[in-house]
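The values are calculated or read from the model by the stated rules, or taken from the named source; none is laboratory data. Source: prediction; values computed, not measured. Note: ideal-geometry Cβ built from the backbone for every residue, glycine included; neighbour counts use all protein chains shown. Quick note on the areas: whole protein, heavy atoms, side chains included, nothing else; ligands and nucleic acids left out. Shrake-Rupley method; radii C 1.70, N 1.55, O 1.52, S 1.80 Å.
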Amino acid sequence: EEAAAAAVAARAVNVSDRSTGAAAAAGAACAGLGAQQGQGQAAAAADCPPQQQQQQQPELLLATATGTSPPTRPPPPPYDGLLLTRAVELADRLLPAFDTPSGLPALFVHLREGYVRDAYNSTCTACAGTLLLEFGMLTALTGNPVYMDRAEFAARALYGRRSRVTGLVGASLDVGSAEWASRESSIGPGSDSYYEYLLKAYLLFGRSEYLDMFAQLYASSMRWMQLPGSPQGYSFLVDVHMDTGRLARPFVSSLGAFWPGMQALAGQERDAVQLHANFTAAWRAFGWLPELFGVDLGKVHPEDPGYNLRPEHIESTYLLHCLTQDPLYLRVAANIQHTLHTHNRVKCGFTNVNHVDTGQQGDLMESYFLSETAKYLYLLFSSAPALPDYYILSTEGHLLPPLTDPTALAPERL
C-alpha cells in the first residue's frame, strides 16, 4: 500500500503540474479567441443595416421614436462585502459545534443559542472531514486562522484514527470519546466527501500533507473495498468492515459514483474510465442510477430503490470528459439529460423517482440538483474542459480559485 500510495501521489502531482501548463495555454488561447470574436462582432455591427443596428439597441430605438435622449443607467453600487459578512456570521455560529470533548464538530449546533444538542453525540466522517475548502477559503478572505485550524484538526483527527490493519476509516465517530461509532468503511453516504476534500484541499492550497493523507486512504480503499469483477464484468467499491476488510453488504451506493471523477483529478485515468463505465451500465440497466443496487446489476435495494436526481455520476462524466476529451462522455450526458427531461420534468421543476422499476414520480427536488446536477450537464455541453485547470469545484459544485497559502494571503488581493 505504501508503494501504491506513493504512485497515486506522484500522479496527482503530475496532474497538478500539467493543469498549470494547460491553464496557461488555455488562457492564451482564450485571449486570442476573445480578440478574434471581438473583431468579428465589430465588423458585423459595422456591416449590418441601420435597421438591424437599431433592433440590437431597443433603448436607442425607443429614444429615436419619442424624440428623447437615450436613458442613462446609473453605475451599480460598489460591492460592500455583504456576502462575506454573512459567511463569517454563519461560520462563527457554527464554531461552537467544535466545543466537544474530542474537538470534533458535533452533528447539530443551535445557531442562535450556540449549544450542542447532547442527544446527537456522533458525527459522520464526511460531516467532520468536509470543511477544508470552505473554512480554508474563509481564512484566506478574512485573515482569521481559526476556521482553517478547526477544519484541519478534524481532518487530521479522522486520519489519525484509521485502522492499523487496513488503513481504512469508519463511517461515524462519537464526538465525546473520539471512538468510532460505526466501524464500517464506505465511499458512499457518511464518508464520500472526506476523501474528495483531502485531494481537493491539496489542489486548492498546495499542501503536500493533504496529498499524503489522500494517497494513503485511496490506496487502502482500492485494496480492501474494490470487488473483483463479477461474471458480467462489473467491479465496484463496496462497504467493508474497517478492521478486517470483510464485505459488509453486497450493494453499491450511487453516491460512490463520484469516485471516478476524483480518480480523474488524481491522474488515475484507467481505473476512472473502468469504474465510470460500470456506473453507466447500472444507469442503463435500471433507467436511472438507484440509491442502492446489487453488484451484479440484477436488483435494487428494497428499502432504497429510487433515484433522487443525484449529481455524482454526472460530475464524474464531466471530469472524465475534461481529462480525455472523449465524445463518449457527451453521449452519456445526452442520454442522462434526455431521461431527466422525459421522465423527471414536472410543472415546477424536476422531481425524484420513488422506484426505478415503476418510474413513479415523487415530489422532491433537492437543492443540489441546481447547484450540481444541472450545472455539470450545462458545463458538459458548454465546451469548458479547461475549467478544472482554473478552479476547484467544491462538493456542492461551487467554484473556488486555487490559493498558495490561505493563512498568508492578503484578503485585499482577492
Worksheet entry | Subset of segment 344-363 (residues that are surrounded by fewer than 19 Cβ atoms within 10 Å (Cβ to Cβ), under 20 Å from F293 (Cβ atoms) and not polar (S, T, N, Q)) | H355, D357, G359, G362
Practice prompt. Name the single residue, out of those in segment 67-90 being β-branched (V, I, T) and modelled with pLDDT under 85, that is surrounded by the most Cβ atoms within 10 Å (Cβ to Cβ).
Written response: T68
Item to complete: Taking only segment 146-191 into account, find how many residues are among the acidic types (D, E) and within 21 Å of R207 (Cα to Cα).
Response: 2
Worksheet item: Here are some residues: H341, H276, H313. Which one is under 23 Å from A384 (Cα atoms), in a helix (DSSP H, G or I) and open to solvent by 20 Å² or more (accessible area, probe 1.4 Å)?
Response: H341
Fill in: Selected residue [among the β-branched types (V, I, T), closer than 28 Å to L400 by Cβ and touching a residue at least 12 places away in the same chain (Cβ under 8 Å)] from T351, T373
T373
Worksheet item: Which condition number in (1) at pLDDT 95 or above; (2) closer than 19 Å to R207 by Cα; (3) open to solvent by 10 Å² or more (accessible area, probe 1.4 Å) is the one that L132 fails?
Response: (3)
Response to the item:
Restricted to segment 198-251 and to residues being in contact with a strand residue (DSSP E or B) (Cβ under 9 Å, 6 or more places away or on another chain) and among the polar types (S, T, N, Q), the residue modelled with the lowest pLDDT is S235
Worksheet item: Which of (1) farther than 15 Å from S253 by Cβ; (2) more than 20 Å from the chain's Cα centre (by Cα) is the odd one out, the single condition G306 does not satisfy?
Response: (1)
Worksheet item: Got at least one residue in segment 351-369 being modelled with pLDDT of 95 or more and assigned to a helix (DSSP H, G or I)?
Response: yes
Worksheet item: Hey, does segment 161-176 have a residue that's of a type outside the set (D, E), in contact with an Asp or Glu (Cβ under 6 Å, 6 or more places away or on another chain), surrounded by fewer than 15 Cβ atoms within 10 Å (Cβ to Cβ) and farther than 26 Å from I392 by Cβ?
Response: yes
Fill in: Every pair of residues 6+ apart whose Cβ atoms lie under 8 Å, when the first sits in segment 91-110 and is on the phi > 0 side of the Ramachandran plot while the second is crowded, with 18+ Cβ neighbours inside 10 Å and at pLDDT 90 or above
G103/A154
Worksheet item: Mind checking whether some residue in segment 194-211 is farther than 23 Å from L399 by Cα, among the hydrophobic types (A, V, I, L, M, F, W, C) and within 21 Å of the chain's Cα centre (by Cα)?
Response: no
Discussion item. Just to verify a result, which residue in segment 221-252, among those that are of a type in the set (G, A, S) and open to solvent by 20 Å² or more (accessible area, probe 1.4 Å), is nearest to G170 (Cα to Cα)?
Written reply: A248
Worksheet item: Quick one: is Y318 at pLDDT 95 or above and under 18 Å from the mean Cα position of the chain (by Cα)?
Response: yes
Response to the item:
Output for Cβ contacts, cut-off 8 Å, separation at least six or different chains, first residue more than 13 Å from H301 (Cβ to Cβ) and in contact (Cβ under 8 Å) with a residue 60 or more places away in the chain in segment 251-263, second open to solvent by 10 Å² or more (accessible area, probe 1.4 Å) and part of a strand (DSSP E or B), reads G256/L237; W259/L237
Worksheet entry | Residues (open to solvent by less than 20 Å² (accessible area, probe 1.4 Å) and either modelled with pLDDT under 95 or under 13 Å from the mean Cα position of the chain (by Cα) (or both)) located in segment 177-189 | A178
